[in-house]
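Here's the structure we're looking at; comments come further down.
The values are calculated or read from the model by the stated rules, or taken from the named source; none is laboratory data. Worth saying up front: this structure is predicted, and the values here are computed from it rather than measured. No Cβ is skipped: glycine too gets one built from the backbone with ideal geometry, and neighbour counts run over all protein chains shown. Please note that ligands, DNA and RNA were not included when accessible areas were found on the heavy atoms of the full protein model with its side chains. Shrake-Rupley method; radii C 1.70, N 1.55, O 1.52, S 1.80 Å.
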Amino acid sequence: MDVHNFFLILFLILISARILGELFARLGIPSVLGELCAGILLGVSGFGLVEVNDVLKILAEIGILLLLFEIGLDTDIERLRQAGGKAIIVALFGAVFPFVISAFLAYYLFGLTLLVSLFIGGTLTATSIGITMRVLKDLQKEHSEVAQIVIGAAVLDDILGVIVLVFIYDYAITQTLSLTNTLNTTVFILLFFLLAPAVAHFTSHFMKKFDEHKKVPGFIPTLIIALIALFAYMSHLFGAPEILGSFAAGIALSRRFILPFGMGLQHDEVFLEKVKNAITPIAQMFTPIFFVMVGLSMNLKVIDFTSMFFWSLALTFLSIAVIGKYFGAFLLRKTSALKKALIGISMIPRGEVGLIFAEVGRVNGILDDQIYAVLIFVIIVTTIAPPFLLKWLFKYEEG
């Protein structure tokens with residue numbers, strides 16, 4: 001891509017995201033949906049002005065990691081720890097139920113191959129923490145008990161999603177259900193899962209100490225961006241670099257580092273405020289790029305709305321996608337029905353995580369155009385509908 005063309009694309013993304021985000025906010029609609037719509041209009045579903053490319057993917061990933069870093073800065077560590085058991089219940093049910101039921105129905109009810117059925121199940125497994133947390137942040141609910149449970153469950157969801165993807169992709173290549181690569185990848189992921197928080201807290205303390213003696217301004221944002229880049233790379237290595245699912249591993253594991261990294265800075269409120277002031281303007285610029293990229297990746301033109309087979313598949317898997325996440329929250333005890341509903345709806349968005357699964361399947365010839373269209377439809381509905389429901393339910397809670 002020519003440099004001047006990239007600058008034009010970046011201009012279109014930033015301006016359209018800002019305008020539509022502001023417009024939606026003024027209409028009482030979550031601004032994140034305005035940014036998603038900006039991507040849909042700019043991409044293949046709309047005017048076709050912008051194509052997804054590797055440079056935009058990198059900028060988008062920086063955006064989501066900065067958003068999660070901000071979430072980490074504001075996350076109540078004690079409340080997150082208390083919500084740990086509930087988060088595990090929500091994550092496990094929300095991952096296992098959609099995977100098993102959708103794969104079962106795809107194989108036995110619709111007569112699809114085992115590989116395609118497994119890919120459908122995998123696509124419906126993970127939650128997009130970015131979509132949900134942006135909505136909660138916009139609604140100023142990122143400190144709520146709902147947010148703490150959702151953070152823990154969605155991060156665990158990401159990890160489970162990566163393991164599922166490794167397992168399915170290995171089967172696609174070897175045509176056997178060998179557990180070797182899956183177990184190796186799982187061990188690497190768990191190792192990273194255990195080490196990342198400790199390294200993150202050590203790094204946060206080092207940053208505070210060094211900042212007191214620095215001679216050159218701009219140390220805080222420079223170090224944060226540098227560490228995001230380093231740990232995104234390291235998490236890729238801890239994933240499964242020999243398979244295409246390593247990109248998903250990079251997303252899941254780098255997020256596992258970024259959240260505790262932000263939390264580790266909370267011990268000094270003065271320094272914490274200094275970090276927020278330094279990083280917020282950068283996050284506000286990069287974060288919308290991520291949501292525009294999600295919209296760019298949604299191809300509405302592949303969907304044949306006149307096909308009855310499409311609708312039978314789409315409505316079946318959409319129901320599973322919603323039920324699997326929504327009812328997982330209702331297994332929680334000592335939690336009000338309204339909070340259960342808020343947690344369940346918060347876990348529904350598939351967003352970029354589902355798109356990664358679907359794209360891996362399409363690129364490797366596992367999913368044909370019709371199945372791919374069904375998954376895109378499910379991902380779009382589960383991404384766009386929950387923000388409306390969350391805003392409405394939180395108003396009801398306040399009332």
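So what is the orientation-averaged projected area of the range 1-47, using the convex hull of its C-alpha atoms, in nm²?
3.3 nm²
Go ahead and run the numbers for FRET between residue 19 and residue 274, Cβ-Cβ distance against an R0 of 25 Å, rounding to 0.05.
According to the calculation, E is roughly 0.20.
What whole-number value in Å² describes the accessible area per residue of the range 311-362 for a 1.4 Å probe?
35 Å²
Quick one: which of 379-389, 311-321, 127-137 comes out on top by average Cβ neighbours within 10 Å, and what's the full order, highest first?
Top to bottom by mean Cβ count within 10 Å: 127-137, 379-389, 311-321.
Calculate, in nm to one decimal, what residue 333 and residue 7 gain on full extension: separation in residues at 0.36 nm each, minus their alpha carbon distance.
Going from the current span to full extension adds 112.2 nm.
For the range 282-399, please report how many Lys pairs fall under 24 Å Cα to Cα, leaving out neighbours fewer than 8 apart on the same chain.
Counting lysine pairs in the range 282-399 gives 11.
Using mean Cβ contacts within 10 Å as the protection proxy, how do 56-69, 359-372 order, highest first?
Top to bottom by mean Cβ count within 10 Å: 56-69, 359-372.
Using a Förster distance of 45 angstrom, determine the FRET efficiency expected from the C-beta separation of residue 100 and residue 54, and round it to 0.05.
For R0 = 45 Å, the calculated efficiency reads 0.85.
Using a probe of 1.4 angstrom, how much of the accessible area of the range 323-396 is carbon and sulfur, in percent?
Accessible surface attributable to carbon and sulfur in the range 323-396 totals 63 percent.
Can you give me the % of accessible surface on the range 1-70 that is carbon or sulfur? Probe 1.4 Å, all protein chains present, nothing else counted.
Answer for the range 1-70: carbon and sulfur cover 69 percent of the accessible area.
In nm, to one decimal, how far is the residue 211 label point from the residue 143 one, both placed 7 Å along Cα→Cβ?
The modelled label-to-label distance comes out at 2.0 nm.
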